[in-house]
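Notes for the one structure printed next.
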Amino acid sequence: MVYIWTKFIQILQSQAAALRRPGACLLCDGPADTTHALCSACQDELPWLGPHCSVCALPLPAAGLTCAACLRRPPSFARVEAPWRYAFPVDALVTRFKHQSAWPFGRLLGALLAEHLRHAHLEGLPRPELLLPVPLARARLRRRGFNQAALLARWLGEALRIEVREDLVLRPQDTAAQQGLDAAARRRNLRGAFTVAEAQLVAGRHVALVDDVLTTGATAEALARLLRRAGATRVDVYCLARTPAPD
């Protein structure tokens with residue numbers, strides 16, 4: 001594990017130098033005139049979420065609504081918080097971060113997510129006591145070299161001053177990748193995939209899961225259900241982006 005993280009840090013350092021010149025926007029390479037490595041024009045053009053389901057953050061035509069799926073079968077998590085729809089260029093940035101170790105893109109998105117959450121907490125969203133990254137199975141972690149959810153959780157924890165625990169939720173089973181599966185197949189694929197290592201550290205506490213993208217919500221539901229059974233009083237989900245409905 002030490003070797004994996006050492007190798008990854010070396011990759012991050014070399015890519016950071018290659019991807020960004022000081023004071024430049026990471027998207028257009030023009031002058032960055034915001035507090036992040038981004039210009040205001042590119043920031044305005046990001047696919048901000050807009051009206052969405054008050055529970056699962058599914059994009060909807062109007063604000064203040066709850067989607068049919070959440071009304072029909074309320075999920076085990078209380079709320080999903082995401083700044084963006086999973087659309088260009090956020091989808092490309094997430095892919096580069098997740099599959100090509102493009103750390104500066106992930107760091108930028110993480111900083112903007114932290115800003116979004118800071119505003120949400122000021123507006124009344126309850127602050128969690130723990131941030132729990134969605135885990136990767138060991139075989140997939142070895143292949144990829146890092147867990148993007150764990151990195152996001154660390155950055156959020158530092159920015160929001162919330163404790164991060166990467167050892168409480170584990171994924172002992174190396175299930176098939178969720179990409180390409182429909183909602184029912186995703187649920188079947190996750191049966192028994194996760195476990196809570198120390199339930200007593202979750203019991204009676206408000207926790208938030210951290211992941212990159214919420215698609216069908218199958219992973220978030222499986223983990224939230226597990227955490228609620230372990231005694232968590234509330235489970236939220238913090239992610240970078242929410243996919244729209246297939247239609």
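Tabulated data for the structure shown
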read-out	value
Failed criterion for L130 (all others in (1) over 14 Å from the mean Cα position of the chain (by Cα); (2) farther than 16 Å from E158 by Cβ; (3) modelled with pLDDT of 95 or more; (4) of a type in the set (A, V, I, L, M) hold)	(2)
Unmet requirement for F194, which otherwise passes all of (1) on the phi > 0 side of the Ramachandran plot; (2) in contact with a Ser or Thr (Cβ under 9 Å, 6 or more places away or on another chain)	(1)
Answer from L209, L240, L226 - the residue that is surrounded by fewer than 23 Cβ atoms within 10 Å (Cβ to Cβ) and either more than 20 Å from I162 (Cβ to Cβ) or in contact with a strand residue (DSSP E or B) (Cβ under 6 Å, 6 or more places away or on another chain) (or both)	L226
Test: residue in region 121-144 that is buried (at least 22 other Cβ atoms within 10 Å of the Cβ), part of a helix (DSSP H, G or I), in contact (Cβ under 8 Å) with a residue 12 or more places away in the chain and not charged (D, E, K, R)	no
Residue selected from region 28-44 under the condition surrounded by fewer than 15 Cβ atoms within 10 Å (Cβ to Cβ) and farther than 12 Å from L112 by Cα, by the criterion modelled with the lowest pLDDT	D29
Failed item, numbered, when A87 is tested on (1) farther than 30 Å from R229 by Cα; (2) modelled with pLDDT of 95 or more; (3) part of a helix (DSSP H, G or I)	(3)
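The values are calculated or read from the model by the stated rules, or taken from the named source; none is laboratory data. These numbers come from a predicted model, not from an experiment. Ideal geometry is used to build each Cβ from the backbone, glycine not excepted, and the neighbour counts take in all protein chains shown.
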